[in-house]
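A quick write-up on the structure given underneath.
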Amino acid sequence: MEIELKEIRDFVAAIPPFDRLPEEVVTRLAGRLSIEYVRRGHPVPPDGEEISRLYIIRRGAIALYSKESLMGMLGEGDVCTSFCAAQLMPEFTVKATEDTLLYSIPCKELAELVSGDPSVLHFIRHSAAQRLKEAVSRIQEQSQSSLLHSYAGDYCKGPVVTAPPGISIQDAARLMTEKGISSLLLMEEGKPAGILTDRDIRTRCVAPGLPLETPVEEIMTHGIISARTTDSLFDALLTMTRKQVHHLPVFDEQELRGILTITDIMRQEGMSTVHLTSTIRKAGSVEELVEASRMLPRLQMQLVNMGADQEHVGKAVSAVTDALTVRLIELKEAEIGPPPVPYAWICAGSQARREQTSHSDQDNGLIVSDEMQPEHEAWFEALARFVNDGLNACGFVYCPGNVMASNPEWRQTETVWQDYFDRWINQPEPKALMLSSIFFDMRVVHGDRRLLSNLRGRILEQTPKNQLFLGHMTRNALTHRPPLGFFRDFVLVHDGQHDDTLDLKHSGLVPIIDMARIYALAEGLPETSTLDRLQAAAGTPSLSQGGAANLQDAFEFISRLRLEHQARQIAAGEAPDNFMAPAQLSKLEREHLKDAFKVVQTMQATLELRYQTDRI
């Protein structure tokens with residue numbers, strides 16, 4: 001074999017999917033490749049070329065565009081399948097972004113050459129984004145969780161027994177006994193006005209000694225929390241957990257279909273978030289909370305084994321963290337008395353986005369009403385220290401950067417918080433950008449929600465108008481890059497502790513989280529979770545529908561690998577982390593992970609161009 005042909009064959013043989021072909025097929029493929037040179041800025045293929053070809057980038061780089069939108073960027077060792085998959089793609093153009101050397105072969109000729117391997121045929125007929133979408137779809141189809149694939153409308157009990165709010169407590173209790181039900185829906189003018197449960201009668205009537213003739217409306221629960229018939233049992237379960245309710249009216253559009261109870265859901269699954277949060281709510285000490293929190297890693301493992309995705313696991317774990325926080329606050333308030341002025345305990349970071357995995361570090365703060373006086377500071381300091389210490393004892397370790405309510409800097413009045421955000425937005429220096437990445441993801445866990453909603457409203461009025469701030473946020477976000485290097489192989493961690501691993505969090509998920517935050521701030525969107533932000537921003541000037549869908553697929557695929565890695569560690573009695581050895585992946589998973597990283601690289605490049613970060 002000629003030296004030049006051998007060099008081409010060795011190059012191609014190292015590139016997926018051709019690395020899975022028999023040696024003789026790779027040799028024939030190398031012999032049929034054409035060599036093309038394209039200067040920077042020129043189209044691929046050259047004008048006048050009509051035959052659809054597959055391209056392998058030997059040196060240089062090319063970019064794929066749909067109209068004016070960047071769809072993908074490919075470099076040395078990448079395979080451009082777009083022309084072989086043209087029937088599945090929108091109109092697109094390809095240009096060289098550097099002087100580029102390409103190997104090419106007609107798609108039809110290549111298909112005949114590799115016809116003996118259906119997986120290679122599938123690869124060349126689909127783009128990276130399409131292959132990733134198929135992988136995510138297969139993962140979702142393989143999910144075996146009965147809660148994820150069972151729906152509230154199928155398990156709610158009906159018809160619902162109703163009564164007017166003016167009915168007496170005694171008559172309501174008699175009606176509930178006759179019908180054998182534990183809850184009664186109170187209707188007024190054809191609409192739900194409230195709900196009465198056995199617990200309401202015990203705690204709000206019998207315990208305080210109210211007369212039995214008292215109208216039910218005085219003890220019923222107002223502001224009904226409900227579900228839709230199409231909600232999964234898992235989502236209904238999370239709603240009950242977050243709102244601390246045990247009965248959930250279920251509606252089909254405007255029509256009431258029935259009542260769903262915790263018992264109904266428990267018949268479907270054993271251990272659950274509700275079991276754990278119920279234990280937490282009953283805890284009478286920090287020691288009992290610490291004991292309950294030890295169940296969290298196993299709950300996460302069970303959810304992953306059931307097939308739950310990042311969205312469901314994140315919501316479940318965050319619900320437990322919320323419950324721990326609220327119970328710690330309640331325990332301290334029982335000791336030091338009620339708050340002197342209104343306040344909001346806020347969480348930030350992954351807890352705020354409801355994307356936590358078990359036992360993360362804590363990010364939190366306090367927004368206190370402007371009515372606060374100097375003599376009130378001791379009360380809030382005592383509360384903050386107790387809660388931060390309690391969360392640390394429960395495994396949610398102190399924030400390494402001291403971004404916690406026990407730090408006076410993050411225990412401030414509404415006006416001071418507004419001054420913080422004004423300064424961060426208008427003077428985006430490095431520390432401000434780091435804090436922005438934490439505190440632009442905020443959610444109220446306990447207290448007066450208006451304190452945060454007022455603050456968020458003013459923030460979202462400013463950010464879309466400030467291109468310099470968004471540019472700095474983008475530049476800061478681009479410090480986290482997908483770990484793809486020469487030949488588009490993985491760049492592994494070498495820090496002495498996690499050698500030869502991939503950091504799935506900081507190199508995979510954080511770039512997507514950061515971009516989603518920028519899209520939301522650029523469009524003034526209030527959403528907090530990453531997937532919600534991508535969905536809300538899709539189709540806006542900041543993010544195309546296709547770009548949003550590709551990032552969602554990348555987020556879900558990388559998250560799934562991370563969750564499965566952590567589940568294996570928990571099962572082995574190890575502390576879960578984010579560092580996974582590529583050897584744990586199948587060959588197909590490696591290719592899909594590279595596809596996910598390529599999607600992230602493309603979207604980062606688009607942001608980089610939009611905000612011209614090289615000029616900042």
Going residue by residue through the stretch 68-87, is there one that turns out to be in contact with a Pro (Cβ under 7 Å, 6 or more places away or on another chain) and either basic (Lys, Arg) or crowded, with 18+ Cβ neighbours inside 10 Å (or both)? no
Taking the stretch 397-429 and keeping only residues that are surrounded by fewer than 21 Cβ atoms within 10 Å (Cβ to Cβ), in a helix (DSSP H, G or I) and of a type in the set (Val, Ile, Thr), one is left with THR415, VAL416
Of those in the stretch 272-315 that are among the hydrophobic types (A, V, I, L, M, F, W, C) and in a loop (DSSP other than H, G, I, E, B), the residue farthest from LEU534 (Cα to Cα) is ALA283
message: Can you confirm whether GLY508 is farther than 16 Å from ALA605 by Cβ and either in a helix (DSSP H, G or I) or in contact with a helix residue (DSSP H, G or I) (Cβ under 7 Å, 6 or more places away or on another chain) (or both)?
response: yes
Exactly one of ALA522, ALA516 is of a type in the set (A, V, I, L, M), under 17 Å from the mean Cα position of the chain (by Cα) and either farther than 22 Å from ILE558 by Cα or not in a strand (DSSP E or B) (or both), and that residue is ALA516
Subset of the stretch 220-244, residues β-branched (Val, Ile, Thr), in a loop (DSSP other than H, G, I, E, B) and buried (at least 19 other Cβ atoms within 10 Å of the Cβ), comes to none
Scanning the stretch 316-361 for residues that are among the hydroxyl-bearing types (Ser, Thr, Tyr) and either free of Cβ contacts under 8 Å to residues at least 12 places away in the same chain or outside any helix (DSSP H, G or I) (or both) gives TYR343, THR357, SER358, SER360
Q) Is it true that ARG138 is modelled with pLDDT of 85 or more, surrounded by fewer than 21 Cβ atoms within 10 Å (Cβ to Cβ) and not aromatic (Phe, Trp, Tyr)? A) no
Among the residues of the stretch 316-353, the number that are modelled with pLDDT of 95 or more and at positive phi is 1
Of the candidates LEU561, LEU609, the one satisfying the condition of being under 27 Å from SER544 (Cα atoms), touching a residue at least 24 places away in the same chain (Cβ under 8 Å), surrounded by fewer than 17 Cβ atoms within 10 Å (Cβ to Cβ) and assigned by TED's automatic domain parsing to the domain that holds VAL510 is LEU609
Going through (1) within 22 Å of ARG562 (Cα to Cα); (2) under 17 Å from the mean Cα position of the chain (by Cα); (3) without any contact (Cβ under 8 Å) to a residue 12 or more places away in the chain one by one, THR479 fails only at (2)
Note to self: Taking the criterion of being assigned to a helix (DSSP H, G or I) and not assigned by TED's automatic domain parsing to the domain that holds GLU311, would at least one residue in the stretch 181-197 satisfy it?
What the structure shows: no
Pairing a residue in the stretch 539-554 that is outside the structural domain of HIS506 (by TED's automatic domain parsing) and over 21 Å from GLU608 (Cβ atoms) with any residue that is assigned to a helix (DSSP H, G or I) and modelled with pLDDT under 95, where Cβ atoms lie under 9 Å and the two sit 6 or more apart in sequence or on different chains, gives none
When (1) surrounded by 15 or more Cβ atoms within 10 Å (Cβ to Cβ); (2) within 29 Å of LEU324 (Cβ to Cβ); (3) touching a residue at least 40 places away in the same chain (Cβ under 8 Å) are applied to ARG199, the one that fails is (1)
### Query
in the same structural domain as GLN569 (by TED's automatic domain parsing), over 26 Å from LEU435 (Cβ atoms), in contact with a His (Cβ under 8 Å, 6 or more places away or on another chain) and buried (at least 19 other Cβ atoms within 10 Å of the Cβ), is that true of LEU303?
yes
Just wondering, is there one or more residues in the stretch 461-468 that are among the polar types (S, T, N, Q), surrounded by 18 or more Cβ atoms within 10 Å (Cβ to Cβ) and either in contact with a Pro (Cβ under 8 Å, 6 or more places away or on another chain) or in the same structural domain as CYS399 (by TED's automatic domain parsing) (or both)? yes
Going through the stretch 562-616 in order, the residues found to be assigned to a helix (DSSP H, G or I) and among the hydroxyl-bearing types (Ser, Thr, Tyr) are THR602, THR606, TYR611, THR613
Expected single match for of a type in the set (D, E, K, R), free of Cβ contacts under 8 Å to residues at least 12 places away in the same chain, surrounded by fewer than 21 Cβ atoms within 10 Å (Cβ to Cβ) and farther than 17 Å from VAL12 by Cα among GLU91, GLU112, GLU98 is GLU112
Filtering the stretch 570-606 down to residues that are surrounded by fewer than 16 Cβ atoms within 10 Å (Cβ to Cβ) and in contact with a strand residue (DSSP E or B) (Cβ under 6 Å, 6 or more places away or on another chain) yields ALA581, PRO582
#### Entry: Check on ASP532, of a type in the set (D, E, K, R) and over 30 Å from PRO342 (Cβ atoms)
no
### Task
For VAL286, state whether it is at pLDDT 95 or above, in contact with a strand residue (DSSP E or B) (Cβ under 9 Å, 6 or more places away or on another chain) and surrounded by fewer than 23 Cβ atoms within 10 Å (Cβ to Cβ).
no
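This table checks each residue for (1) under 30 Å from ASN578 (Cβ atoms); (2) of a type in the set (A, V, I, L, M); (3) assigned by TED's automatic domain parsing to the domain that holds GLN412.
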{"residue": "THR321", "(1), (2), (3)": "yes, no, yes"}
{"residue": "ARG327", "(1), (2), (3)": "yes, no, yes"}
{"residue": "PRO338", "(1), (2), (3)": "no, no, yes"}
{"residue": "ALA348", "(1), (2), (3)": "yes, yes, yes"}
{"residue": "ARG353", "(1), (2), (3)": "yes, no, yes"}
{"residue": "SER358", "(1), (2), (3)": "yes, no, yes"}
Among (1) within 17 Å of LEU470 (Cα to Cα); (2) crowded, with 22+ Cβ neighbours inside 10 Å, PRO526 falls short only on (2)
Expected single match for basic (Lys, Arg), in the same structural domain as ARG354 (by TED's automatic domain parsing) and touching a residue at least 60 places away in the same chain (Cβ under 8 Å) among ARG423, ARG449 is ARG449
Scanning the stretch 404-449 for residues that are within 20 Å of SER369 (Cα to Cα) and among the hydrophobic types (A, V, I, L, M, F, W, C) gives MET404, ALA405, TRP410, VAL416, TRP417, PHE421, PHE439, PHE440, MET442, VAL444, VAL445
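The values are calculated or read from the model by the stated rules, or taken from the named source; none is laboratory data. Owing to the predicted nature of the structure, the values given are computational and were not obtained by experimental measurement. So basically every Cβ, Gly included, is an ideal-geometry build from the backbone, and we count neighbours across all protein chains shown.
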